[in-house]
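Asks: One structure is given below, represented as structure tokens, and several questions about it will come after.
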Amino acid sequence: MTVNVPGRPVAAALVTHVGADETHAEQTWSSRHERGPSPWQGDRVRPLSRRQIEDRLEDLGALYEETRGAARTGSRSRTAFLRRLAGDVRRPGFALLIAENTTLTACAYGFPVRAADPWWQGHDTRLPRLLRGLAVTGGFFAVSGIVVPPRVRTHYQDRDWNLARRLQRRLLDDHVPALGVALVPHTDTETLTAYRAWGWQDVATGPDGLDPRPSGACRVLVLGR
């Protein structure tokens, strides 16, 4: 499922669709690999340069379509994804990682973000004092998208070798000492559940230094290295 707040930058991208055939395949996969090594350890994670991203836009669009499921996407959805990605690519410090074995299997991307960045506008930016200080000094790296197969969302989310965890950890490791930040709409419970399972934490409201203004459209999640 793509997370998108109308009129604002994309907060995060996450695939959630599982069809009937895929559900059966996942059950078979789970029974075979329950006690074995991770089937994703063989996926090679590597960055793409801006030029390489341009050369592989069609592949990235196809990945987005395939991981969403044919019943839930179409040419307009794919076009919108590529348009948002093209906008993110132009941001300073943008980074995109892909995972691949014999084919492209997943990707994740993001960029550094500061407190005054328009990326925050219209969202819930009620941060504790410590996090507000990091935002001012450029200590945040916005994870704008994670595009992974449904099984990565539903199987072994807490394992270090989970493909989403590998991708997000590599993004942050490449941007030390940044703390990961993501914006997820309050209504998108599927994405919130997956992100929390991958180690993301809510920035909870409370009396300690929080802005008392009403919350915005999105929930702020943070992730340490």
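The values are calculated or read from the model by the stated rules, or taken from the named source; none is laboratory data. The model shown is predicted, which means the values in this text are computed figures rather than measured ones. Neighbour counts run over all protein chains shown; Cβ positions are idealised from the backbone, glycine included. For accessibility, only protein heavy atoms count, side chains too; no ligands or nucleic acids. Shrake-Rupley method; radii C 1.70, N 1.55, O 1.52, S 1.80 Å.
Asks: Beyond 13 Å, how much of the Cα-Cα pair distribution for segment 144-196 remains, as a whole percent?
Replies: More than 13 Å apart: 62 percent of the Cα pairs in segment 144-196.
Asks: So what is the diffusion coefficient of segment 99-171 in µm² per second by Stokes-Einstein at 25 °C and 0.890 mPa s, using a Kirkwood Rh over Cα pairs?
Replies: This corresponds to a translational diffusion coefficient of 174 µm²/s.
Asks: Could you sort the peptides 60-67, 140-147 by per-residue average Cβ neighbour count (10 Å cutoff), highest mean leading?
Replies: Numbers: 60-67: 19.2, 140-147: 26.4.
In descending order of packing, they fall as 140-147, 60-67.
Asks: Also, I was wondering about something else. Mind pulling the per residue volume of the convex hull built on the Cα atoms of segment 72-114? Å³ is fine.
Replies: 99 Å³
Asks: In addition: Please arrange THR105, THR137 by accessible surface area, largest first, computed with a 1.4 Å probe and ligands excluded.
Replies: Solvent-accessible surface, decreasing: THR137, THR105.
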